[in-house]
Structures are given as structure tokens and as C-alpha cells.
Amino acid sequence: MKLGNIEFHIISDGHVLLDGGAMFGVVPRPLWEKKMPPDGRNRITLSMNCLVIRAGGKRILVETGAGGKMNPKWRDIYGLDGPFLLEGLRSLDLRPEDIDVVVNTHLHFDHCGGNTRLEQDQVVPTFPNARYFVQEGELDHAMRPNERDRASYFPENFAPIAAAGMLSVIEGDHSLTSGVDLIRIPGHTAHMQCVKLTGEGKTAFFFADLVPTTAHLPLPWIMGYDLFPMTTLENKKRWIPEAIREGWIALFAHDAGVPAAYLRDRDGHWEAEPIGVG
Ligand SMILES: [Zn+2]
């Protein structure tokens, strides 16, 4: 897809299966299971969608999926079928060394696992020529996670990047290049960032884990994983109506069927109208 001089694609690193109850917070199972039927272990199927952008002469990758470093036990727990990120990049004629910028919206393993890879017994950066952009507060938290979210943070996904001097730690909103903006939107974590693309008067918005799937459009459908659910609620009230009003292309980090959609307000119900992104 194109917005003026900005070209972007959604590719998936593969699927991750997460507990349906945890994914929908206070929403009772009889409601969410109609939209996303769970498997025998109460897990629903999510995609780990990554956004590839060509803009301002830069090749930018937003999110890197879960990657390929997890051991078989954890691969089974999370139902990982990837990693497919590098294959997806290849289909866009991109090699790992072609990536100039990597953005992690936050440092949960399903968003940054592909930052690094195993080479023999060493963990090395997957994208040798990239600067990796992370919010300072998110990095601080990832280094010292709390008892409730430590299962989501694996130092091997970001510590080797920091050690290699390849991290660009930012504080608050940041423009990567003209028309590609990182916007700090707390809720899921204290310092998550979303990505806004603008060109020729049109906008595409990568919602990260603010609205991970189209099923999470209704206001109370907020993940149990969120550290600050009331902040998520406030930010959904701000960003979803704006996306509807302005006719933005909404991009979803975890929707396995609808990675991109226009959002519509139908008599007070927010709905997604899927669009194809090649
Ligand atoms: Zn997350």
C-alpha cells in the first residue's frame, strides 16, 4: 500500500496462542469465544504482524515477532509456528542487512523476539545495519520487570542490541523520517509506542497493543495483560474515534484475519471494514 511516497506492507512472523481470558480481561468467555473460539487449552490464535515501511530512503521494520530462540517447551506453550519474518522480508526483496531501522512498540517477547537470533551459541542482532528504536521507560522496565509481567520479558531479545550499541533510546514522540512518527501511548505498558504514517493527506496507524485485534475495538474489550487498563480505556476513547473520523487505515498487531481495516461507526458500534494490504 502507498501513502504518497510512503510504501508499507504487513507481514507476519507467525502465530502465537495466548489465553483467551487474559486477552479479553473482564469480558466473559461466552462473549469473546463467539469472536475467537479457543482451543482445548483455552488459547486463541493471534498473528504477530510486523509492518515494513519504505520512506525517506529508509527501510523500516516495526516489530520483529517472537523470533526463533525459544526452546521447544515454550514454543509449545505459546503454540509458535514461526519464525517467518525473514521469509516475509525476502518476499519484499529485503535481506536482514537492508533494514535501516527497527521499531519495537514495546519489549514483550512477541514484539521483539526477532530482534536477535542464535548464531552457534551466540545471540546476535538479526539486523546488523539497523538502529533499534525503543522508548527509554520501556527499556528500563524490561530490565527490571515486576512479578506480574516478568514472563513477557526476555533479556536476550534486547540486551545484546544494547551491548552492541545499536539501540536508539527515545523519550516520548519521535519522528523517524517525514511522515513516519512514533507516538508514545501508555496503557498496555507505561511506555508503549504506536506508529503513524502520513502521506498525501492520508494516514495509516499501527495500533500495537492498544487495539491488538479487531475484536478489541469495543471500549471494555481490554487485555488482562495491560498494566494500566484505565489508561488504555482513555487512549482507546481518544484514538479510535479519531481514526474513524479521519478515515485512517488501522493496522492491527495481532489480528490473524484482518491486519488492516477502515474503522466505521455504525449506530455507536465500532466496526472494522477489512482492506487488503499486499
Ligand atoms: Zn504486549
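Please compare each pair in LYS73/LYS236; LYS34/LYS196; LYS35/LYS196; LYS202/LYS236; LYS73/LYS196 to a cut-off of 29 Å on the Cα-Cα distance and tell me which ones are over it. Over 29 Å Cα-Cα: LYS73/LYS236; LYS34/LYS196; LYS73/LYS196.
Please list, by residue number, every one of the trypsin sites (Lys or Arg not before Pro) in the stretch 83-181 that is coil in DSSP and has at most 14 other beta-carbon atoms within 10 Å. It would help to have the intermediate numbers written out before the result.
Numbers: sites: ARG90, ARG117, ARG131, ARG148, ARG150; in loops: ARG148.
Sites meeting the loop and neighbour criteria: ARG148.
Does the stretch 63-148 classify as rounded, prolate or oblate by the C-alpha gyration tensor (a ≥ b ≥ c root eigenvalues; a/c under 1.5 gives rounded; else a/b over b/c gives prolate, otherwise oblate)? In terms of gyration-tensor shape, oblate. With the helix formula -39500 (n - 2.57) applied to DSSP H stretches of n ≥ 4, the chain reaches a computed 222 nm mean residue ellipticity of -5500 deg cm²/dmol. Taking all Cα pairs closer than 8 Å and separated by 6 or more residues, the relative contact order of the stretch 83-135 comes to 41 percent.
Ignoring any ligand, DNA or RNA, what whole percent of the accessible area of the chain comes from carbon and sulfur when the probe is 1.4 angstrom? Present the calculation step by step, with values, prior to reporting the outcome.
On the way: 6030 of 11940 Å².
It is 50 percent, rounded to a whole number.
Would you please classify the overall shape of the stretch 176-278 from the alpha carbon gyration tensor, given that a ≥ b ≥ c denote the square roots of the eigenvalues, rounded means a/c under 1.5, and beyond that prolate means a/b larger than b/c while oblate covers the rest? Cα axes put the stretch 176-278 in the oblate bin.
Using the heavy atoms of the protein chains and a 1.4 angstrom probe, tell me the accessible area per residue for the chain in square angstrom.
Working: 11940 Å² over 278 residues.
Per-residue accessible area for the chain comes out at 43 Å².
Candidates ALA142, HIS15, ALA215 compared by Cα position along the dipole of the chain: farthest toward the positive end lies ALA215, with charges placed on Cβ.
Å³ per residue of the Cα convex hull, for the chain? Mind dumping the intermediate values first?
On the way: hull volume 34.2 nm³, N = 278.
Enclosed volume per residue, from the Cα hull, is 123 Å³.
Cross-link partners of LYS69 among aspartates and glutamates, defined as those whose alpha carbon lies under 12 angstrom from its own and excluding same-chain residues fewer than eight positions apart: ASP110, GLU119, ASP121, GLU156. Annotation: the antiparallel percentage among DSSP beta bridges lying fully within the stretch 156-278 is about 90.
Counting DSSP beta bridges in the chain, what percent are antiparallel, to the nearest 5?
Details: 44 of 57 bridges.
Around 75 percent antiparallel, to the nearest 5.
The values are calculated or read from the model by the stated rules, or taken from the named source; none is laboratory data. Treat the numbers as computed from the prediction; the structure is a model and nothing was measured. When we count neighbours, we look across all protein chains shown, and the Cβ atoms used for this are built from the backbone with ideal geometry, even at glycine. The protein model used for the area step is the full one, side chains on, heavy atoms only, and it has no ligands, DNA or RNA in it. Shrake-Rupley method; radii C 1.70, N 1.55, O 1.52, S 1.80 Å.
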